[in-house]
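As C-alpha cells, the structure follows; a few thoughts come after it.
The values are calculated or read from the model by the stated rules, or taken from the named source; none is laboratory data. These numbers come from a predicted model, not from an experiment. Glycine gets a Cβ as well: all are built from the backbone with ideal geometry, and neighbour counts include every protein chain shown. Surface accessibility is based on the protein's heavy atoms, side chains included, excluding ligands, DNA and RNA. Shrake-Rupley method; radii C 1.70, N 1.55, O 1.52, S 1.80 Å.
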Amino acid sequence: MILATPGPVEIPYFVRETFLGETIHHRTPEFKQILLDTLERFRKVTHLPEAVFLTSSGSGAMEAAVTNIVKQKALTINAGKFGERWGKICSAFNIPFREIKYDWDTPAAADDIVAAVEEDGEIDSIFIQICESAGGLRHPVEDIAAEVKLINPDIIIVADAITAMGVEDIDTANIDVLVGGSQKAFMLPPGLAMLGLSEKAVERIGKGKGFYFNLANEIKKQRDGSTSFTPATSLVIALDEVLKKLEEIGFDKHYENTAKRHSALLAAIEEIGLTVFPQVPAPSMAAVYSEKAEEIIKILKEKYEINVAGGQDFMKGKLFRINNMGIIDENKMLYIVNSLELALDELGIRKYDGSALRIYTEERK
C-alpha cells in the first residue's frame, strides 16, 4: 500500500533503519550531543535563533504556543479544521481571543488582519496556518506578518508550519514562532513536535506557563542538551538523520524539486478535468474537489493500493488530498497520477487516454 496521505507520510528506508539501533538513554552525553546537533540543524531550517522539541503531536506545540505566548488577547485565523483549533485551545484555557473566519478555499487577507489589530489594542499575538491542510490552502503569512509588524512590532506572530516546514523555505523575518510536526515533510512517525522561536518570542514567554508544556523550562533545559521530561529519543535521532540527508541533497534543491513536483501534479489533475480546490494551493499537497471523492478514494485504495486522504467536516465526500511532502519516489508519483486517471475511467467520468501521465511527465522536465 502506498501511503499518499498528507501526513503521516511514507517513512523512507534510511529513516526506518535508525529505529533498529540500540536505545540511548536520554540523560547521557551521547544523547545530549545528538539533541544539540539536531536543534542546531533545525534552527537552520526555521532561520530562527531558538528551538525546542516536545514529545507530542503538533497540536501539543500549538497548545504550548497559545498558553505561553498570549498575555492579553489572541487573534486567530480560521480557514479550516486546524485554524479552528487555535480558537478551541484559547477556549479550553479561557484565553480571550478574536477570530477571523474564511471559506476553506480562501486565503487570509492582510487588510482584514491589519484592521482587526488597529481596532482592538488588546491583541498581542496572532495565530495562523501557513498551510491549512484541511483544504490544502496556502495563507500569505509572510505578507501578513510584515504588515502587522509595521503597525505594532511587539505583536507576536505564531505560524503553524506543520505542513509547510521542510516543504518550502519559509521567510521568518517577521514571524516569531514556527510550529512543526514529525509526521509530515520530516518523514517520521507521529510523536515529535518542534518550535522555532524568535528572540521576541522568548522574551514574551518569560517564565512560561503550564507544567508539561512550559516553554521557558524547555528552552532552558534544551540549550544545555537536556529536556524537562523524557523525550522521544528515537524520533530525535531519526530527525537528525533526516536533516543530514536534506543537507546532503541541499535544501534549495529539495525545495525546488518539491515545488516542481507539485506544479506537475496540479497540471495533471486539471488536465483530466478535476478541480483543484483552494484558490492558492499549498505546495505540500494537492487538494482536489469532486462530488465523487469517496468513490475515487475507494478505488485508489482497493484496486490500486494507494491511500489518499478524504475531506473533513462539511467537505467529507467532496474532497481528496494527495501528499507532496518529503522525499517521494518519482515512480510512485507517476503510478499515483496514472491510477487516478484510471479511477475516473472506471467511474465513467472520463475515458482513459494517458493524459495525466503525459502532462505530469512534461511538466517535470
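Structural remarks
- Accessible area expressed per residue, the chain, with surrounding protein chains retained (probe 1.4 Å, Å²): 42
- Segment 272-365 shape via C-alpha gyration tensor axes, a/c threshold 1.5: rounded
- Between the alpha-carbon centres of segment 132-208 and segment 110-129 there is a gap of 16 Å.
- Value at 222 nm in deg cm²/dmol, rounded to 500, when DSSP H runs of n ≥ 4 in the chain each add -39,500 (n - 2.57): -13500 deg cm²/dmol
- Shape of segment 38-196, Cα gyration tensor, a/c cut at 1.5: rounded
- Helix 81-92 and the longest principal axis of the Cα set of the chain meet at an angle near 30°.
- Antiparallel bridges, percent of DSSP beta bridges restricted to segment 1-142 (to nearest 5): 20
- Environment charge of E142, counting only residues whose C-beta is closer than 13 Å and scoring Lys/Arg +1, Asp/Glu -1: -4
- Amide H contacts under 5 Å for R350, placed H, 5+ residues apart: D345
- Radius 14 Å from Cβ of R16, net charge of other residues (Lys, Arg +1; Asp, Glu -1): -2
- Nearby lysines by direct alpha-carbon distance to K365 (threshold 16 angstrom, same-chain neighbours under 8 apart not counted): K253, K260
- Within the accessible surface of segment 47-109, defined with a 1.4 Å probe on protein heavy atoms only, the carbon and sulfur portion equals 48 percent.
- Lysines whose Cα lies under 22 Å from that of K88, excluding same-chain neighbours fewer than 8 positions away: K71, K73, K101, K209, K316
- Within the listed set T76, T28, T227, the residue fluctuating most in the Gaussian network model of the chain (springs between alpha-carbon atoms under 10 angstrom) is T28.
- Counting charges near F93 (Lys, Arg +1; Asp, Glu -1) among other residues having Cβ under 14 Å from its Cβ returns a value of +4.
- Antiparallel content of DSSP bridges confined to the chain, in %, to 5: 50
- Taking the longest Cα principal axis of the chain as reference, the axis of helix 330-346 is set at about 50 degrees.
- DSSP bridge pairs, segment 65-197: antiparallel proportion in percent, nearest 5: 30
- With an a/c value of 1.5 or above and a/b not larger than b/c for the gyration tensor axes a ≥ b ≥ c computed over the alpha-carbon atoms, segment 131-266 is described as oblate.
- Against the main long axis of the alpha-carbon atoms of the chain, helix 141-151 sits at an angle near 30°.
- Largest GNM mean-square fluctuation across L75, L150, L344, computed for the chain with C-alpha springs under 10 Å, falls on L150.
- On segment 170-265, 49 percent of the accessible area sits on carbon and sulfur atoms, based on a 1.4 Å probe.
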